[in-house]
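All remarks here apply to the structure that follows.
The values are calculated or read from the model by the stated rules, or taken from the named source; none is laboratory data. Just so it is clear, the structure is predicted and the values come from calculations on it, not from any experiment. Note that we place each Cβ from the backbone using ideal geometry, even for glycine, and neighbour counts take in every protein chain shown. These area figures cover heavy atoms from the full protein model, side chains too; ligands, DNA and RNA do not enter into them. Shrake-Rupley method; radii C 1.70, N 1.55, O 1.52, S 1.80 Å.
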Amino acid sequence: MAVAASFRPRVCVDGKFFRLGQKKFYVKGLAYGPFAPNAAGQAFASPERTKADLAQIREAGANLVRIYEVPAKWFLDLAAENQLKVLVDIPWNKHLCFLDSREAQAGAREAVRRAVYGCARHPAVFAFSVANEIPPDVVRWSGARAIAEFIDDLVHVAKQVDPECLCTFANYPPTEYLRPQATDFACFNLYLHEPQPLRNYLARLQMLADSKPLLLGEFGMDSLREGEERQAETLAWQIEAAFRAGLAGAVVFSFTDDWWRNGRRVDDWQMGLTTSQRKPKPAFAAVQRMFRAAPQLRLPRYPKVSVVVASYNGERTLGACLDSLQWLNYPDYEVILVDDGSTDTTPKLALQHTGVRYFRHEKNLGLSTARNTGIAAATGEIIAFTDSDCRADEDWLYYLVGDLLSGEFAAIGGPNLLPPEDSVVASAVMVSPGGPAHVMLTDREAEHIPGCNMAFYKWALAQIGGFDPAFHQAGDDVDICWRLQQAGWKIGFSPAAFVWHYRRSTVRAYLRQQYGYGEAEAILVRKHPECFNSIGASLWRGRIYTASRFGVFIRAPIIYRGRFGSAGFQSLYSAEPGVTLMLCTRPEYHVLVTLPLLVLSVTLHHVLPVAITSLLVSAGVCVAAGAQAALPKQKTRWWSRPLVAMLFFLQPLVRGWARYRGRLLVRRGSLAPEQSLDSIALRDSRQALRHVQYWAETPVDRLAWAAAILNRLDREGWPNKADIGWSEYDVEVHDGRWCRLQLATVAEVYAGAPGCKQMLRCRLRARWALRTKAAFWSLCALDLLVCGFFRHAWPWIWLVLLTLPLFVWFIRRQQRNLQSMIAILLDGLAKEWKLEKVSLKSKV
């Protein structure tokens, strides 16, 4: 009965799923036991009874049993004979306040060590659960962080005995907030008997699991109270919900009504698929049917998908990308490769993949243009995009399309994970700022999906005009997501539809990428100013999910526990990272604070300690960010965290420089419409431009007038930010460089006039942009510095002091430019509305 273990493959983690050899391993499990002690005193049935039970479990379509005691070797051998894997729950006194006792902690560690050693790398072992459902009052007593760290400690104990074993912790809703880091996959026990709450909570659990596989460790229904027919019906849709949600597997509780707890038989619950005498209930056939159908349950339909890959000199990873796309588990799709003027071996790689439709640009036209070429060539109803530095999971399209069809979405995306074979530097880059991330409004709806993993209905892309060719290297995914939502459509997220994404493997390549992102942000700020704050940082409404922490955490998260810690669902509300602290790493801080202090310290030596402190604060924040980075343990070296700290320091400077360079040095014509002769004449006239007003012979809807102004601004390419309810103006117009204009409207109704006439008044209030204010105060500081250097050279002082009024005159002229152009735009719109412009001196 002995089983050879030397050449049998073991289950391993593969992204969001498990793999056994060359094939994915989807867990289809049944809980088994514990039972009354057998003749040997073990909490299992006799070997003969066990052999018959395991054969019946296999007949039910299961490939795994979850047990709650450490098994003897004979049990594992029987499981292997029946081609069953075993999830072993390791028992210890977790219901006590174990962190208050060193003896209890040592006992738990010893229990884990003996369990893993006793199973001796047996091929039937799937994984070990080092703890199962720690009571919430015990967690509250000892502290969630301390409990999570102890769970991690138990995992490390298990890995010391068997480095390749899989470990987890079986959690449940009362302690949902526990987040141990060392577990290989997430496991959750969940008993919800209504379809929509279950689907909603599974979506939440996928967000909590993040890049790890999610296993539904227990679920079931009591046939004694609910009836056998309802038990069968409920288990069927629960299994379907679990696999459609992209879980890596599910374990039904339990195989039989015969089970023991706390030293006695449980008679008041009948959760089994069989009776105590192993007679199948209706639930047995229902589970058998669903297990045989899972994991790829049939979709409502299978629309054709066009997979578009845009590549520019991507030979290093393009071959792996195209190989992965040739073996997708989806019946109807095509692969389109758009070579955007590559100078490497991309054409040869394309020829080696005969099923790929290949298109080539003779010169590099940019990422957006390449993707638009793919859209034009696509014949599918759905167009999916990935990058040449990605390789897709074989079920990528199945989950992507399935979730797209199940919701009211026009587009959908999924996660991108670090390939296990990627370099140590790439793992450091992954946790550094600026990487691709998805931004979630809810557990299902996204605000942004990264361009390396996204899909759209073709009609949606046509409706918004495809990708904007202005985005040459990056930013196109952000732009198209925002434009799609502005058109009234929603974007979904499929947590199981993942791709492996190779990160930049050198610091130079990473910084070059961030420079490209900065250039893209300069365009995004002009196109979507409402989505950025005054210093150019993006304003996301949703929560950002990324391996990189975009700030330093300075306070603990908050846990909702319910009255006296009794809530059935206890949620963790993560503290926002200290984004304010990260401001001292931005280029604006160095230009406005650190650099002036260093310059002043040349003549004012007592300022030098302040300048050094400013630099140390910036460096300290970056060191703290590096220390908090969630680096993969197997890819961490002694220099990994210092490298991450250095990237946290360099990335804002490189990206910020590119962003400001793009915003300050861009051609005028790409910012907004050129000035007309009429606007130039108006600018140079003595006419006041702060107000314009129009006479309406019949009443005009002011809201419709404001909406028409917005449409005209958008049509003529003016960057603008509309009021969302908090402003004293209707729209803010930007010129892209030095100033902004706040346009407010008011309607005056003259009831005494014939026909109830109306006056529409528009106020054009010009304001300085933030960079203008920064430049002004920098000039002031420079003037003071020059005065300090040339205290006795009065001609030089007067020359320098003249820069301030000249600067103010220049900015005032820019403001009149903007006012005159908007006034001419309003005059043109007023003509279309048949409104008469009225001089400010006119009387009614």
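When we screen 813, 763 for residues that are touching a strand residue (DSSP E or B) at 6+ places or on another chain (Cβ under 9 Å), at pLDDT 65 or above and open to solvent by 50 Å² or more (accessible area, probe 1.4 Å), the only hit is 763. Taken as a whole, the condition of being modelled with pLDDT under 75, closer than 30 Å to residue 202 by Cα and not in a loop (DSSP other than H, G, I, E, B) does not apply to residue 569.
When residues in the range 261-312 are screened for being part of a strand (DSSP E or B) and open to solvent by less than 10 Å² (accessible area, probe 1.4 Å), 7 of them pass. Could you list, ordered by first residue, the pairs with Cβ atoms under 6 Å in which the first is in the range 724-746 and open to solvent by 30 Å² or more (accessible area, probe 1.4 Å) and the second is polar (S, T, N, Q) and part of a strand (DSSP E or B), at least 6 apart or interchain? Short answer, once both residue conditions are applied: 729/742; 730/745.
Among the residues of the range 816-844, those that are modelled with pLDDT of 60 or more and farther than 18 Å from residue 700 by Cβ comprise 816, 817, 818, 819, 820, 821, 822, 823, 824, 839, 840.
Please find, within the range 313-333, the residue that is modelled with the highest pLDDT out of those that are hydrophobic (A, V, I, L, M, F, W, C) and surrounded by fewer than 21 Cβ atoms within 10 Å (Cβ to Cβ). Once the filter is applied, the top-ranked residue is 328.
Applying a threshold of 7 Å to beta carbon distances and a minimum spacing of six or more residues, or different chains, the list of pairs starting in the range 256-267 at a residue that is among the hydroxyl-bearing types (Ser, Thr, Tyr) and ending at one that is outside any strand (DSSP E or B) reads 256/272; 256/276; 256/278.
Does residue 35 fit the bill of being surrounded by 15 or more Cβ atoms within 10 Å (Cβ to Cβ), assigned to a helix (DSSP H, G or I), touching a strand residue (DSSP E or B) at 6+ places or on another chain (Cβ under 8 Å) and in contact (Cβ under 8 Å) with a residue 24 or more places away in the chain? Against the criterion (surrounded by 15 or more Cβ atoms within 10 Å (Cβ to Cβ), assigned to a helix (DSSP H, G or I), touching a strand residue (DSSP E or B) at 6+ places or on another chain (Cβ under 8 Å) and in contact (Cβ under 8 Å) with a residue 24 or more places away in the chain), residue 35 does not qualify. Only a single criterion out of (1) touching a residue at least 24 places away in the same chain (Cβ under 8 Å); (2) over 22 Å from residue 40 (Cβ atoms); (3) surrounded by fewer than 15 Cβ atoms within 10 Å (Cβ to Cβ) is not satisfied by residue 120, namely (2). Residues that are touching a strand residue (DSSP E or B) at 6+ places or on another chain (Cβ under 7 Å) and among the charged types (D, E, K, R): does the range 499-522 have at least one? No, the range 499-522 contains no residue that is touching a strand residue (DSSP E or B) at 6+ places or on another chain (Cβ under 7 Å) and among the charged types (D, E, K, R).
What about residue 223, is it touching a residue at least 12 places away in the same chain (Cβ under 8 Å) and surrounded by fewer than 21 Cβ atoms within 10 Å (Cβ to Cβ)? Criteria not met by residue 223. Sort out which residues of the range 132-151 are of a type outside the set (A, V, I, L, M, F, W, C) and over 18 Å from residue 102 (Cβ atoms), and write them in order of number. Listed by number, the residues that qualify are 132, 133, 135, 136, 137, 140, 145. Which of (1) within 30 Å of residue 237 (Cα to Cα); (2) open to solvent by 10 Å² or more (accessible area, probe 1.4 Å); (3) out of contact with any strand residue (DSSP E or B) (no Cβ under 8 Å at 6 or more places or on another chain) is the odd one out, the single condition residue 179 does not satisfy? So the condition that residue 179 fails would be (3).
Scanning the range 636-659 for residues that are open to solvent by 50 Å² or more (accessible area, probe 1.4 Å), aromatic (Phe, Trp, Tyr) and under 21 Å from residue 519 (Cβ atoms) yields 649, 657.
Just checking, does the range 178-193 include any residue being on the phi > 0 side of the Ramachandran plot and not β-branched (Val, Ile, Thr)?
Restricting attention to the range 178-193, the residues satisfying the condition of being on the phi > 0 side of the Ramachandran plot are none.
No, the conditions are met nowhere in the range 178-193.
Among the residues of the range 155-173, those that are in contact (Cβ under 8 Å) with a residue 24 or more places away in the chain and either open to solvent by less than 20 Å² (accessible area, probe 1.4 Å) or of a type in the set (Lys, Arg) (or both) comprise 155, 157, 158, 162, 165, 166, 167, 168, 169, 170, 171, 173.
Scanning the range 224-260 for residues that are assigned to a strand (DSSP E or B), touching a helix residue (DSSP H, G or I) at 6+ places or on another chain (Cβ under 9 Å) and either under 29 Å from residue 495 (Cβ atoms) or of a type in the set (A, V, I, L, M) (or both) yields 249, 250, 252. Residue check: is residue 391 of a type in the set (Lys, Arg), in contact with a Ser or Thr (Cβ under 7 Å, 6 or more places away or on another chain) and on the phi < 0 side of the Ramachandran plot? Here the answer is yes, as residue 391 does meet what is asked. Taking the range 127-154 as the range and being aliphatic (A, V, I, L, M), touching a residue at least 60 places away in the same chain (Cβ under 8 Å) and touching a Ser or Thr at 6+ places or on another chain (Cβ under 7 Å) as the test, only 127 passes.
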